[in-house]
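Notes for the one structure printed next.
The values are calculated or read from the model by the stated rules, or taken from the named source; none is laboratory data. All of these numbers come straight from a predicted model, not from anything done at the bench. Using ideal geometry, Cβ is built from the backbone for each residue, glycine included, and neighbour counts are taken over all protein chains shown. Ligands, DNA and RNA are stripped out before the accessible areas are found, and what is left, the full protein with its side chains, is counted by its heavy atoms. Shrake-Rupley method; radii C 1.70, N 1.55, O 1.52, S 1.80 Å.
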Amino acid sequence: MISPPPTEGLPPLQLLSIVIPARDEEGCIASTVEHLHLELRLHGVPHEIVVVDDGSRDRTWAILEDLRTRLPELKPVQNAGRHGFGCAIIYGLDHSTGDAVTIMMADESDDSRDVVRYWKELNKGYECVFGSRFMRGGGVIDYPRIKYILNRMANFFVKCLFGIPINDTTNAFKAYRRTVIDGCRPLISPHFNLTVELPLKAIVRGYSWTTMPITWRNRRTGEAKLKIKEMGSRYLFICAYIWLERALSRGDYRRPKTS
């Protein structure tokens with residue numbers, strides 16, 4: 001399966017929503033939001049920043065409320081339902097209004113300049129833009145070795161299972177047109193396996209996509225939320241679920257073909 005060309009006849013994009021799940025991120029959430037807003041404003045990208053406080057027990061929410069008084073583009077919300085990385089993202093998607101969406105981490109591991117590049121690629125007519133830290137031009141800084149090894153193994157498995165030339169499917173930092181998000185519902189992953197569910201569903205259901213190199217650096221404050229020992233079976237489940245959709249659904253969930 002190769003990357004399809006841009007989809008013709010798509011309407012121009014009007015607003016980019018950046019959805020950021022945050023749990024106990026008082027040490028970095030302010031700088032993440034401020035740097036992101038500055039980068040987008042400098043490049044003239046119309047945007048809203050939807051930060052989802054996912055049950056924080058520190059000052060994350062108080063910091064967001066203070067930031068909101070100075071940044072009208074900031075839209076903080078509190079996830080009052082079930083907590084979890086995937087649940088927080090779904091809540092943020094439900095409370096965002098843009099016709100394009102980028103999912104971004106709260107710890108400044110993702111580069112704000114790449115968000116601008118995502119926006120430009122979407123405006124070329126692609127419906128999804130998948131960033132890769134491990135393709136030519138991409139890079140990682142201070143990536144824990146054990147996580148790197150497990151990441152490479154997991155992504156090789158996904159690449160082989162679905163026959164796709166993507167080597168960083170598990171990375172959360174990706175961009176989609178709103179029509180893709182709606183076309184991939186219902187989203188069922190409550191945890192980090194949502195990072196796999198969204199791109200694989202988009203590919204299997206026939207949306208156009210492209211890849212581009214991105215950079216990533218390890219968080220400098222706070223604790224990582226991904227618990228590796230808890231995620232193996234969850235990733236496997238969602239991969240099997242989508243593989244079966246592709247194999248057995250006879251195209252019932254694919255996007256309608258455009259003329």
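Highest mobility in the GNM of the chain, judged by mean-square fluctuation with C-alpha springs under 10 Å and restricted to 128, 160, 184, is found for 160.
In a shell of Cβ-Cβ distance under 14 Å around residue 164, excluding residue 164 itself, what net charge do Lys and Arg (+1) and Asp and Glu (-1) give? Here the count lands on +4.
Summary of packing: across the peptides 130-143, 85-98, the per-residue average of other C-beta atoms within 10 Å ranks them, highest first, as 85-98, 130-143.
Remark: spin-label model distance residue 31-residue 43 equals 2.1 nm, labels positioned 7 Å along the Cα→Cβ axis.
Compared with the direct C-alpha span, the chain from residue 233 to residue 80 gains 52.4 nm at full extension, assuming 0.36 nm per residue. Site pair residue 113 and residue 218 shows an inter-label distance of 2.3 nm when each label is modelled 7 Å from Cα along Cα→Cβ.
Full extension of the chain segment joining residue 145 with residue 182 gains 9.7 nm, where the gain is 0.36 nm per residue of separation less the Cα-Cα distance. Using a 1.4 Å probe on the protein heavy atoms, what percent of the accessible area of region 41-101 belongs to carbon and sulfur? Carbon and sulfur atoms account for 50 percent of the accessible area of region 41-101.
The order of the peptides 209-215, 22-28, 35-41 by mean Cβ neighbours within 10 Å, most packed first, is 22-28, 209-215, 35-41. Taking 174, 147, 124 as the candidate residues, the one with maximal mean-square fluctuation in a Gaussian network model of the chain, Cα springs under 10 Å, is 147.
The listed peptides 151-157, 249-255, ordered by packing as a protection proxy, come out as 151-157, 249-255 (highest mean of other Cβ atoms within 10 Å first). For the chain, the membrane-span-like helix rule (DSSP H, alpha carbon extent of at least 18 Å along the helix axis, mean Kyte-Doolittle at least 0.5) picks out 145-162, 228-248; this says nothing about an actual membrane. Net charge in the neighbourhood of residue 139 (other residues with Cβ under 14 Å of its Cβ; Lys, Arg +1, Asp, Glu -1) is -1.
What FRET efficiency, computed as 1/(1 + (r/R0)^6) with R0 = 41 Å and r the Cβ-Cβ distance, is obtained for residue 65 and residue 160, rounded to the nearest 0.05? Using R0 = 41 Å, I get an efficiency of 0.35.
Provide the gained length on full extension for the span residue 57 to residue 73, in nm with one decimal, where the gain is 0.36 nm per separating residue minus the Cα-Cα distance. Extra length available between residue 57 and residue 73 comes to 3.3 nm. For q values of 0.16 Å⁻¹, compute log₁₀ I(q)/I(0) with the Debye formula on a Cα-only model of the chain, without solvent. Log10 I(q)/I(0), no solvent term: -1.28. Between residue 252 and residue 95, the simple label model (points 7 Å from Cα in the Cβ direction) yields a spacing of 3.4 nm.
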